[in-house]
Structure formats: structure tokens, C-alpha cells
1. Among Val73, Val37, Val81, which is the only one that is outside any helix (DSSP H, G or I), among the β-branched types (Val, Ile, Thr) and either in contact (Cβ under 8 Å) with a residue 12 or more places away in the chain or open to solvent by 50 Å² or more (accessible area, probe 1.4 Å) (or both)?
2. I'd like the residue in region 85-100 that is open to solvent by less than 60 Å² (accessible area, probe 1.4 Å), aliphatic (A, V, I, L, M) and outside any loop (DSSP other than H, G, I, E, B) and, out of all such residues, is farthest from Thr125 (Cα to Cα).
3. Can you run down the residue pairs with Cβ atoms below 6 Å, 6 or more apart or on separate chains, where the first is in region 53-65 and under 14 Å from Met43 (Cβ atoms) and the partner is open to solvent by 80 Å² or more (accessible area, probe 1.4 Å) and in a loop (DSSP other than H, G, I, E, B)?
4. Before we move on, is Glu50 at pLDDT below 90, surrounded by 14 or more Cβ atoms within 10 Å (Cβ to Cβ) and among the acidic types (Asp, Glu)?
5. Please go through region 111-127 and pick out each residue that is open to solvent by 90 Å² or more (accessible area, probe 1.4 Å), over 13 Å from Val81 (Cβ atoms) and out of contact with any Ser or Thr (no Cβ under 9 Å at 6 or more places or on another chain).
6. Considering every residue within region 67-82, establish whether at least one is closer than 18 Å to Ala128 by Cβ and touching a Gly at 6+ places or on another chain (Cβ under 9 Å).
Amino acid sequence: MKALIEADPDMTELPSLAEVMSNHKVSRGVALRAFGVLRQEGMAEPVPGERWRVVRPGALVDRRPLDQRIADVITADGLEVGEAFPSASVLAERFGVSRPTVTKALEKLETAGVLAGGGQGKVRTVRALSIREERS
């Protein structure tokens with residue numbers, strides 16, 4: 001996997017564990033050890049709820065939890081209270097993660113009172129400005 005990372009400067013995340021096992025014809029244990037070596041050498045790091053992230057020297061990476069990064073969409077997109085929030089599909093593409101991962105983060109924001117609505121077929125709306133703005 002080191003060779004893959006070094007050969008592709010645009011690679012930002014590693015293949016899944018299942019893909020590594022299948023593509024390289026190795027056992028789960030061998031694949032896990034490979035991920036561990038990459039972590040130990042500072043070439044990759046695990047991201048909860050997402051794929052492993054490739055670490056590039058000098059590259060700035062937002063390591064905050066996904067729900068916090070999604071909450072920043074309110075400010076970044078200039079959304080006001082009551083406005084429609086982007087869908088899980090749009091956010092999944094924007095952040096490069098799966099829809100179920102985005103859905104979990106959106107549920108956290110609903111619980112925190114930042115978003116309202118949601119659920120299958122319902123449009124989420126901004127209920128309050130981002131969490132950080134409320135605390136300052």
C-alpha cells in the first residue's frame with residue numbers, strides 16, 4: 001500500500017479493508033497489520049466512520065468530527081435560520097463519505113438543536129446557527 005500512496009499524490013484515502021484483502025489476496029490479519037504499519041510510519045490515520053486518511057507531509061487536514069465539519073456548512077454557505085440544509089447525498093459527495101455516515105452526523109446536529117426536520121424525504125432546515133457561534 002505504501003507504493004500506492006507514493007505513486008498517487010492525489011490519493012486522500014485508503015481502500016477499505018475488504019478491498020485490500022481482495023485486491024492483494026491477503027487475510028484480514030495481514031491487511032490490518034499493513035494499516036498498522038502505515039499508521040506507525042505516519043503515512044495514514046484512521047478516521048472514525050470513514051476510510052483511513054492518507055497523511056501527506058505539510059498538508060493541512062481538518063481532523064474535527066464530521067458533525068462539526070458539517071455544521072460549518074451553515075456559515076460557509078451563508079445559511080440563515082429556517083433555510084433548507086443540503087441533503088445527505090450532497091453532503092456525502094462534498095465530504096467524500098458515505099450517506100449513512102453523513103446521516104449519523106446530521107442526527108447529532110438535530111439532537112444538538114442545530115438542524116430541524118430530517119428523516120426520509122423530509123428537508124432538513126437550519127434551526128440555529130453553528131454550535132461554535134452559540135458558545136462564543
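1. Numbers: Val73 fails: outside any helix (DSSP H, G or I); Val37 fails: outside any helix (DSSP H, G or I).
Within the list Val73, Val37, Val81, the selection yields Val81.
2. Residues of region 85-100 that are open to solvent by less than 60 Å² (accessible area, probe 1.4 Å), as a first pass: 85-88, 91-92, 95-98.
In the following step, the residues that additionally are aliphatic (A, V, I, L, M) were identified as 88, 91-92, 97.
Pick out the ones that are also outside any loop (DSSP other than H, G, I, E, B) and you get 88, 91-92.
Values: Ala88: 12, Leu91: 14, Ala92: 17 Å.
Once the filter is applied, the top-ranked residue is Ala92.
3. Partner pairs satisfying both residue conditions: Val54/Thr12.
4. Working: at pLDDT below 90: yes; surrounded by 14 or more Cβ atoms within 10 Å (Cβ to Cβ): yes; among the acidic types (Asp, Glu): yes.
Yes.
5. Narrowing region 111-127 to residues open to solvent by 90 Å² or more (accessible area, probe 1.4 Å): 111, 120, 122-123, 127.
This time we only want the ones that are over 13 Å from Val81 (Cβ atoms), so: 111, 120, 122-123.
Within region 111-127, Thr111, Gln120, Lys122 qualify.
6. Filtering region 67-82 for residues closer than 18 Å to Ala128 by Cβ gives 67-82.
Narrowing the set further to residues that are touching a Gly at 6+ places or on another chain (Cβ under 9 Å) leaves none.
Checked region 67-82: no residue is closer than 18 Å to Ala128 by Cβ and touching a Gly at 6+ places or on another chain (Cβ under 9 Å).
For (1) under 25 Å from Ala105 (Cα atoms); (2) not in a helix (DSSP H, G or I), each residue gets a yes or a no:
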residue: Leu4; (1), (2): no, no
residue: Pro15; (1), (2): yes, yes
residue: Ala18; (1), (2): yes, no
residue: Asn23; (1), (2): no, no
residue: Val30; (1), (2): no, no
residue: Arg33; (1), (2): no, no
residue: Val47; (1), (2): yes, yes
residue: Pro57; (1), (2): no, yes
residue: Val61; (1), (2): yes, yes
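Yes or no, residue by residue, for (1) closer than 30 Å to Leu4 by Cα; (2) more than 13 Å from the chain's Cα centre (by Cα):
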site: Ala31; (1), (2): yes, yes
site: Phe35; (1), (2): yes, yes
site: Trp52; (1), (2): yes, no
site: Pro57; (1), (2): yes, yes
site: Arg99; (1), (2): yes, no
site: Val102; (1), (2): yes, no
site: Gln120; (1), (2): no, yes
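The values are calculated or read from the model by the stated rules, or taken from the named source; none is laboratory data. Just so you know, these numbers come straight off a predicted model, no measurement behind them. All Cβ positions, even for glycine, are placed from backbone atoms using ideal geometry, and neighbour counts span all protein chains on display. To get the accessible areas, we keep the full protein, side chains included, count just its heavy atoms, and leave off ligands, DNA and RNA. Shrake-Rupley method; radii C 1.70, N 1.55, O 1.52, S 1.80 Å.
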